[in-house]
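Report on one structure; see the data block that follows.
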Amino acid sequence: MNSTYWSWDTFSEALPIVLKGLGITVGLTITSFLFALIFGFVWTFLRRIRNKPLNWIITWVMEFIRSTPPLVQLFFIYYAWPMIPGIGVTLSPFTSAVIGLGIHFSTYIGEIYRSGIEAVDKGQWEAAKALNFSTVDKWRRIILPQALPPTIPMLGNYFIIMFKEVPLASTIGVAGILLMANTYGAQNWAYLEPLTIVGIIFLLLSYPSAILIKKLEIKMNTRFDKKATLENTKKGAVM
Amino acid sequence: MVEPIVKYRNVHKAFGDFKVLKGIDLDIFPAEKIAVIGPSGSGKTTIIRMLMTLEEPTSGDIIVDGTNLWKMEKNGELIRANEKHLRDVRGDIGMVFQHFNLFPHMTILENCMSAPIHVKKEDKNEVRERAIQMLERVGLGDKLNNYPNQLSGGQKQRVAMARALVMRPKIMLFDEVTSALDPELVGEVLEVIRDIARNDDMAMVLVTHEMDFALDIADKVLFLDEGVIAEQGTASEVIEHSTNERLQTFLHRFRSV
């Protein structure tokens with residue numbers, strides 16, 4: 001009677017089908033994240049423009065995006081946007097998901113960039129000025145190389161969070177592992193096994209990533225010390 | 001008659017309600033070594049920070065090589081300078097900071113090479129050679145590939161000076177460059193400044209608490225008090241012959257510590 005609840009046959013039958021969606025799930029995560037990384041910069045730099053009304057608008061747009069559920073945003077982009085006369089465009093489910101999740105997460109990522117930039121010592125800006133760097137070179141060679149590396153662990157955490165939000169895209173028809181599992185479940189009236197598989201896949205991918213990020217965080221916190229220690233060790237070896 | 005390379009004319013600076021500088025008039029001549037002394041909070045640092053474009057004067061003019069630093073002409077009118085104008089005018093000015101402000105993500109050598117290559121667009125090999133020479137001059141020829149955090153404060157400050165010198169400024173500003181150092185490291189930094197003062201023909205403005213040192217190398221000493229230049233002249237004029245009471249009190253306090 002046990003087999004009523006759990007069947008290894010169903011499990012092995014569902015596994016390859018669910019795994020077919022893995023490429024889409026991972027691909028959507030990576031594409032949306034890249035979109036968010038780039039769009040995050042847009043927010044960060046828009047907010048740095050010294051213009052009160054513009055700052056006010058940007059702040060509220062970001063607040064609006066963060067305060068509404070990503071699922072609603074996905075539905076809006078996929079179902080509602082095409083109906084807006086003039087600017088409405090019909091997008092594929094995948095593209096809609098990239099834009100929806102990408103923009104939603106870009107508002108958080110923009111904040112991470114901002115915290116990284118604000119953590120750069122004021123003296124660095126002054127030295128850049130004293131050496132007469134152009135605005136572009138100042139950002140490229142002095143500020144960002146110091147501001148961004150410490151944000152990598154935080155960005156990594158958002159990558160995992162985003163990975164776990166990607167199944168939302170199944171609601172607009174992106175055929176990732178969740179939609180595959182659901183479809184299999186509906187066809188065979190067996191949801192337990194395929195959905196368990198989905199859970200296991202997420203666990204198997206998220207958990208090692210989280211550990212990796214933890215390690216990265218420790219490495220980042222000690223990155224300049226490390227160079228020093230290495231250098232000293234080398235010297236010690238020579239002497 | 002040699003023209004001053006920098007002229008301050010009736011320069012005022014306030015931070016909010018607090019008036020730091022109340023009408024500064026000052027000429028800096030090419031190759032002149034100026035020491036700025038005075039009690040803390042008297043506005044010494046602000047004087048040179050305005051020249052480096054790190055602080056904007058509240059009113060008055062600073063003229064660098066004949067060009068108004070903080071104002072530019074547009075349609076026959078003087079308006080507030082934009083970043084491009086500031087960049088054009090401050091190119092010949094270099095600065096060394098109290099807290100060194102080395103770039104932590106670059107090696108010592110890269111710290112010294114970055115600006116000449118990317119700002120002045122000079123030839124990389126030529127810059128490398130000059131940077132190495134300069135680092136050897138300040139006694140750090142064996143640290144080229146180290147990172148700033150591997151150095152002592154005194155070493156960092158010497159790198160900062162090399163970094164500024166590689167840019168070949170006409171005017172070098174020193175903002176309390178020994179104040180953040182452990183006492184035993186002050187000497188090595190002062191030695192480098194003395195070497196620069198003797199052998200280089202750039203103008204130098206030193207804001208400092210190292211009174212004896214300042215008086216030793218300076219052609220001109222400014223005593224800044226309550227936002228104005230209360231006394232100026234050669235070291236001996238200021239120290240021995242000034243009748244300014246507050247200056248005497250200030251010097252006395254220094255000597256007695």
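Bear in mind these aren't lab numbers, they're just calculated from the coordinates by the rules spelled out. Here the structure is a predicted model, which is why all the values come from computation and not from measurement. Glycine gets a Cβ as well: all are built from the backbone with ideal geometry, and neighbour counts include every protein chain shown.
For the stretch B:109-257, the extents of the C-alpha atoms along the principal axes are 54, 30, 25 Å, listed from largest to smallest. Kirkwood radius for the stretch B:1-130, taken over all pairs of different Cα atoms as the inverse mean of 1/r, rounds to 16.8 Å. Binning the alpha carbon pair distances of chain B at 10 angstrom intervals from zero yields the distribution 7, 29, 35, 22, 7, 0, expressed in whole percent. Once you divide the Cα radius of gyration of the stretch B:1-70 by 2.2 N^0.38 Å, the number left is 1.09. Its Cα gyration tensor gives the stretch A:22-176 an equivalent ellipsoid; the semi-axes, largest first and in whole Å, are 33, 19, 12. Only helical runs count toward this figure. For chain B, summing -39,500 (n - 2.57) over DSSP H runs of n ≥ 4 and dividing by all residues gives -10500 deg cm²/dmol at 222 nm.
Net charge of the neighbourhood of residue A:6, taken over other residues with C-beta under 14 Å away and scored Lys/Arg +1, Asp/Glu -1, is -3. The ranking of A:5, A:108 from fewest to most other beta carbons within 10 Å of each one's beta carbon is A:5, A:108.
Taking A:158, A:207, A:78 as the candidate residues, the one with maximal mean-square fluctuation in a Gaussian network model of chain A, Cα springs under 10 Å, is A:207. The Cα center of the stretch B:150-221 and the Cα center of the stretch A:156-177 differ in position by 58 Å.
In angstrom, the C-alpha Rg and Dmax of the stretch A:68-137 are 19.5, 54. The stretch A:19-56 and the stretch B:27-103 have Cα centres spaced 40 Å apart. Here chain A is scanned for trypsin sites (Lys or Arg not before Pro) in DSSP loops (not H, G, I, E, B) that have at most 14 other Cβ atoms within 10 Å, and the longest stretch holding none of them is A:51-239. Relative to the longest principal axis of the Cα atoms of chain A, helix A:93-118 runs at roughly 30 degrees. By the count of neighbouring beta-carbon atoms within 10 Å, fewest first, A:44, B:249 end up ordered B:249, A:44. Here the mean projected area of the convex hull built on the C-alpha positions of the protein assembly as shown is 35.3 nm². Tell me the angle of helix A:22-48 to the major Cα principal axis of chain A, expressed in degrees between 0 and 90 and rounded to the nearest ten. Helix A:22-48 sits roughly 30 degrees off the main axis of chain A. For chain B, a Gaussian network of Cα nodes joined below 10 Å ranks B:129, B:226, B:176 by mean-square fluctuation, and the top entry is B:129.
The coefficient of translational diffusion for the stretch A:25-70, derived via Stokes-Einstein from the alpha carbon Kirkwood radius under 20 °C and 1.002 mPa s, stands at 180 µm²/s. The eigenvalues of the Cα gyration tensor, multiplied by 5 and square-rooted, give the stretch A:36-109 an equivalent ellipsoid with semi-axes of 24, 14, 11 Å from largest to smallest. Of all the options A:185, A:27, A:123, the one that moves most in a Gaussian network model of chain A with Cα springs shorter than 10 angstrom is A:123.
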